[in-house]
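Some notes on the structure that comes next.
No value in this document is a laboratory result; all are computed from the given coordinates. Remember, predicted model here, so these are calculated numbers, not experimental data. As a convention, Cβ positions derive from the backbone with ideal geometry for all residues, glycine included, and neighbour counts pool all protein chains shown.
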Amino acid sequence: MSLPGKKILINDVSYHVYDEGDSDRVVLLLHGMPDTSALWEHQAASLVAAGFRVIAPDMLGYGETDKPQATARYAAEHILADMLALFEHLKIAKMDVVGHDWGAFVAWELVLLKPELFRKHVALAVGHPGLMFGNKSPESVKENWYMYLNTQEDTAALYAENNFQFMRESFIPSHPDLDEVTARMSDPLAMNAMLNWDRANQVASFYLAHGRGQLEYGNCQVPTMGVWSSGDTYLWETWMTDTETLMDAEWRYERIEGASHWMMMDEPETVSKLILEWFS
C-alpha cells in the first residue's frame, strides 16, 4: 500500500510520488526499510491540513516505484541523484525534510551535501552518519546485525520461509503492520529490491572507508530535530544524542517513551505534533 500519487520518471526509473497541498512551504517525507509512503499517512495529512505542501515518494524498490534488480542501482550516490532530480522536476528550491530509517540516512546525506536546499530537518531514529561509522564500539556493531544479514545469499529465502516466520519473529517483530509488509515481500522482486539497499551500501565498506579517511562527514548546517523512541531495538539512543556535537545549527532532541522503531505509526499524534512544532 502507498499513499495516492503520480508517476514521475527520474533517471530512467518511474517513481511513485505523493504530492499534496498548495503552498510554497514544502515538506519532503522519506521512508525507510521495509515501508512505503503510506508510513507517513498521519503526518502527511496533518502537514497538509496545517498549510504545507507534502512530497512523499515511494523510495526506490518500494511500493509503486520501480524495482530495479541490479544491486548497484541502490548505491547511495544514485539515490541522492534521484532525489535531487526529483526536486528539479518539481521545481522545489527550498524545503523541510523528515527521514526515517534508510530515508533518514538519505535525508542526512542531502542536508550535509546541499544545505542550501533545506530550511529545517527532522531525523527519526537515525543520528548523524559520521557518528555511526566513526563509532566501532560493540554497542554500535552489534546493533547492525540485520545490515550484515541482509547482504547474505540466502537471506531472501530465510525471510520468506514458513510464511515469513524469521522476518516476523526476528527481523521486524515490532513492526505495527507485519501482514502488510509480508504481503508486499511475497513478491520476489520486492524482496530483492529491499535487500539491495543493504547490499549496495554495505556497512563494513563504510567502516573501512571511514577508517582509511575516505569517508568524511562535516558538521550539519541545517537546523535539526532528532527524535528517538525508547522501544527501538535496532538503533541506539547515544547515536542520536551525540549528534549535537556535530551540529553547527540549532539542535533539538526529543525522546518518545514506549514507541517502537516505527514511532510515527505507534504514536502518530505525538510525532505529527513534534514535526509541526519544529517546522512552524
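Each residue, D187 and E169, gets one label point 7 Å from its Cα in the Cβ direction; the gap between the two is 2.8 nm.
Counting Lys and Arg as +1 and Asp and Glu as -1 over every other residue whose Cβ lies under 12 Å from the Cβ of V48, the net charge comes to -2. The simple Förster model, with R0 at 30 Å and r as the Cβ-Cβ distance, assigns Y148 and D248 a FRET efficiency of 0.35.
In the stretch 6-279, what percentage of the DSSP-assigned beta bridges are antiparallel, given to the nearest 5? Could you put the intermediate results ahead of the total?
Numbers: 9 of 33 bridges.
Antiparallel: roughly 25 percent of the beta bridges in the stretch 6-279.
Dividing the helix sum by the residues of the chain, where each DSSP H run of 4 or more adds -39500 (n - 2.57), gives a mean residue ellipticity at 222 nm of -11500 deg cm²/dmol. The simple spin-label model puts a point 7 Å past each Cα toward its Cβ; for N219 and A81 those points are separated by 3.2 nm.
Using only the Cα atoms of the chain, build the gyration tensor, take square roots of its eigenvalues as a ≥ b ≥ c, and label the shape rounded, prolate or oblate: rounded if a/c is under 1.5, else prolate if a/b is larger than b/c, else oblate.
Rounded, because the longest to shortest axis ratio a/c is under 1.5.
Can you bin the stretch 159-280 into rounded, prolate or oblate? Criterion: square roots of the alpha carbon gyration tensor eigenvalues sorted a ≥ b ≥ c, rounded for a/c under 1.5, prolate for a/b above b/c, oblate for the rest.
It comes out oblate by the Cα gyration axes.
Amide H contacts under 5 Å for F118: M95, restricted to partners 5 or more places along the chain or on a different chain, H placed in the peptide plane at 1.01 Å from N.
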